[in-house]
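Okay, so here's the structure we're looking at.
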Amino acid sequence: MAGFRISTPIRTSLWNDPDFQALGPHAQRLYVYLWTQSSVDNAGFIPLQVTKWARASQHLIPEDIEVALDELLALGWVMVDDDTEDLWLCRWIREDAMAVPNVYIGALRSIKGMASDTLRRAAFEEVRRIHPPPMKRDPSKPAAMYDDMMKRIDRTYTDLCAAMDNHETAKANTPSPSKAKQGIEMIPEPFGKVSERVPEWFRKGSERVLPKQDSDELLSFEARSSKFDGPCSRCGEGQRLGPEASSGENPNWCGDCNFVQVDLQRRAREEPC
């Protein structure tokens, strides 16, 4: 989901928007910060990297970002899938991608390839509400150029609709544990029933702590199934510990993130609710 944009328009009327004025100063700043990031793709998707965002100011800590993010989530400015660690700027397609046909086509393709079911469905519903984008025919250019662009948009939109239908069909055909054949032990879901949008532990702001049992299952699952090459899946900066992770440490996280998480879990167990 890497981006290459060096600039992006942000409407000046945003500051007169009553919904935006209702946000606190930290939430307003975070929203503008996210909107102007080069890593935002054509559909408004951006990796969830709270620790990295906090380093944009010497006066911020990750907990400040989490509180501001919680406010944006509650008021519908952004959506988050913590399982895939992605964030979606809900107004991006309408206020940015629609303005340029090629960017709009790129947004449709980005939605098609989004790993998060929750964010993919939300962005697709937004596209369905606004499609097709308004296009003015430029009299100085050949009519064939306009017709070709409209065909490309329609073809890309049709491909996206087909892909969404395939996703829904595959999901509907996935057998539930109750329908599994006798004698075959179904592997239990390691995460239990976790909200795809905003998990409870994420809504608590600075207390990014999973219950101990869920945390142990998560570590066990990731240790079995993940590839350890690449940056830390939590902060996006440090190197994953991988096979060098000790018991109780997340192999997909760097040493610093593991240290912070263990300390938070210890304090959560010691302090009364």
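Nothing in this text is a laboratory measurement; each read-out follows from the coordinates by a stated rule. Keep in mind that what you see is a predicted model, and the values were worked out from it rather than measured. In this analysis, Cβ positions are derived from the backbone assuming ideal geometry, glycine residues included, and neighbour counts consider all displayed protein chains.
So if we plug the beta-carbon distance of ALA172 and VAL100 into 1/(1 + (r/R0)^6) with R0 = 35 Å, what FRET efficiency do we get, rounded to 0.05?
My answer for the efficiency is 0.45.
Any idea which of ILE10, PRO139, SER39 is furthest toward the positive side of the dipole for the range 1-150, if Lys and Arg beta-carbons carry +1 and Asp and Glu beta-carbons -1?
Result: PRO139, furthest along the dipole toward the positive end.
Between SER39 and THR158, what FRET efficiency comes out of the Förster formula 1/(1 + (r/R0)^6) with R0 = 25 Å and r the beta carbon distance, rounded to 0.05?
For R0 = 25 Å, the calculated efficiency reads 0.30.
Could you give the length gained on full extension between ARG109 and ALA144, defined as 0.36 nm per residue of separation minus the Cα-Cα distance, in nm?
Extending this stretch completely gives an extra 10.2 nm.
What FRET efficiency would be calculated for the residue pair LYS52, GLU125, taking the C-beta separation as r and a Förster radius of 25 Å, to the nearest 0.05?
The calculated FRET efficiency here is 0.30.
Residues with amide H under 5 Å of ASP86's amide H, sequence separation 5 or more or different chain, H placed in the peptide plane at 1.01 Å from N; which?
For ASP86, the qualifying residues are LEU48, ASP81.
Evaluate the distance, in nm, between pseudo-label points positioned 7 Å from the Cα of ASP17 and of SER246 along their respective Cα→Cβ axes.
Computed distance between label sites ASP17 and SER246 equals 4.7 nm.
Check the range 99-181 and count each lysine pair with an alpha-carbon distance under 27 angstrom, considering only pairs eight or more places apart or from different chains.
Close lysine pairs found across the range 99-181: 7.
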